[in-house]
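Reviewing the structure listed below.
The values are calculated or read from the model by the stated rules, or taken from the named source; none is laboratory data. No experiment lies behind these values; they were computed from the predicted model shown. As a convention, Cβ positions derive from the backbone with ideal geometry for all residues, glycine included, and neighbour counts pool all protein chains shown. The protein model used for the area step is the full one, side chains on, heavy atoms only, and it has no ligands, DNA or RNA in it. Shrake-Rupley method; radii C 1.70, N 1.55, O 1.52, S 1.80 Å.
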Protein chains: 2
Amino acid sequence: MIASALPTGVDEDRVGAMSAALLSLGDRAGRELARGSIDRIMIQGEKGYVIMTSSGEEAVLTIMAKPNAKLGLIFLDIKRASEALAKLI
Amino acid sequence: MIASALPTGVDEDRVGAMSAALLSLGDRAGRELARGSIDRIMIQGEKGYVIMTSSGEEAVLTIMAKPNAKLGLIFLDIKRASEALAKLI
């Protein structure tokens with residue numbers, strides 16, 4: 001975990017562990033199903049979204065959003081943040 | 001696996017296994033990160049998408065799409081297919 005800004009009651013370690021597990025399995029699934037290297041993993045639940053996006057070669061940006069968030073706007077914000085992060089790392 | 005329509009060279013069992021593993025982990029992540037029950041899991045790779053959507057209580061619809069596919073249209077088609085499937089099962 002490089003940095004985090006999470007709501008009260010959400011454990012940083014828990015988010016890190018879930019991100020790592022999902023990325024690992026997503027990467028495997030991407031290879032097995034010939035989707036190439038993974039750019040993004042999204043989980044949409046009834047209470048909101050978890051979206052993981054690769055940022056450069058060595059970092060991953062994980063965001064959580066409410067269920068009424070607009071996906072197009074989130075993806076745009078993530079893309080900008082991810083590009084800014086990739087330059088920093 | 002209830003039914004499948006896959007391109008040549010893509011193994012049905014492999015898709016089933018990856019879907020089951022991702023759904024199981026996605027469900028866990030959804031609970032751990034307070035996103036509620038899972039409606040959809042999407043993996044975006046450089047060579048395309050894998051999208052899993054729950055269809056009713058007991059079935060899951062997994063689709064694979066090319067990288068140049070339009071997400072909005074895919075989501076619309078998935079929603080319609082998922083509702084039609086839910087009625088059949």
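Computed values, structure above
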{"item": "Contact order relative to length of segment B:12-88, as percent, for alpha carbon pairs under 8 angstrom and 6 or more apart", "result": "21"}
{"item": "Cut-off 11 Å (backbone N to label point 7 Å along Cα→Cβ of residue B:3), residues of segment B:71-85", "result": "B:85"}
{"item": "Other-chain or far-sequence residues with amide H under 5 Å of residue A:49's (modelled H)", "result": "A:65, A:66"}
{"item": "Ranked packing of B:7-16, B:29-38, B:51-60, A:34-43, most packed first, by mean Cβ within 10 Å", "result": "A:34-43, B:29-38, B:51-60, B:7-16"}
{"item": "Per residue accessible area of segment A:49-89, 1.4 Å probe, in Å²", "result": "65"}
{"item": "Computed magnitude of the charge dipole of the protein assembly as shown (debye, nearest 20; Cβ of K, R +1, Cβ of D, E -1)", "result": "540"}
{"item": "Sum of -39500 (n - 2.57) over DSSP H runs of 4+, divided by residues of the protein assembly as shown (222 nm, nearest 500)", "result": "-15000 deg cm²/dmol"}
{"item": "Where the Cα pairs of the protein assembly as shown fall when distances are cut into 5 Å bins, in %", "result": "1, 8, 17, 21, 22, 16, 9, 4, 2, 0, 0"}
{"item": "Minimum 50 Å² accessible area buried by the other protein chains, segment A:13-38 residues, probe 1.4 Å, relative to alone", "result": "A:14, A:18, A:22, A:25, A:32, A:33, A:35"}
{"item": "Cα-based shape type of chain B, given that a ≥ b ≥ c are square roots of the gyration tensor eigenvalues and the cut on a/c is 1.5", "result": "rounded"}
{"item": "Net length gained if the chain between residue A:79 and residue A:46 were fully extended (0.36 nm per residue, minus Cα distance)", "result": "9.5 nm"}
{"item": "Unit charges on C-beta of K, R, D, E only; dipole of segment B:12-88, Debye", "result": "280"}
{"item": "Ascending list, in nanometres, of distances separating the residue B:67 label from those of the other copies (7 Å, Cα toward Cβ)", "result": "3.4"}
{"item": "Local net charge near residue A:32, Cβ-Cβ under 12 Å (Lys/Arg +1, Asp/Glu -1)", "result": "+1"}
{"item": "Inter-copy separations for residue B:17, label at 7 Å along Cα-Cβ, nm, ascending", "result": "2.7"}
{"item": "Inter-centroid distance (Cα atoms) of segment B:29-44 relative to segment B:1-22, Å", "result": "21"}
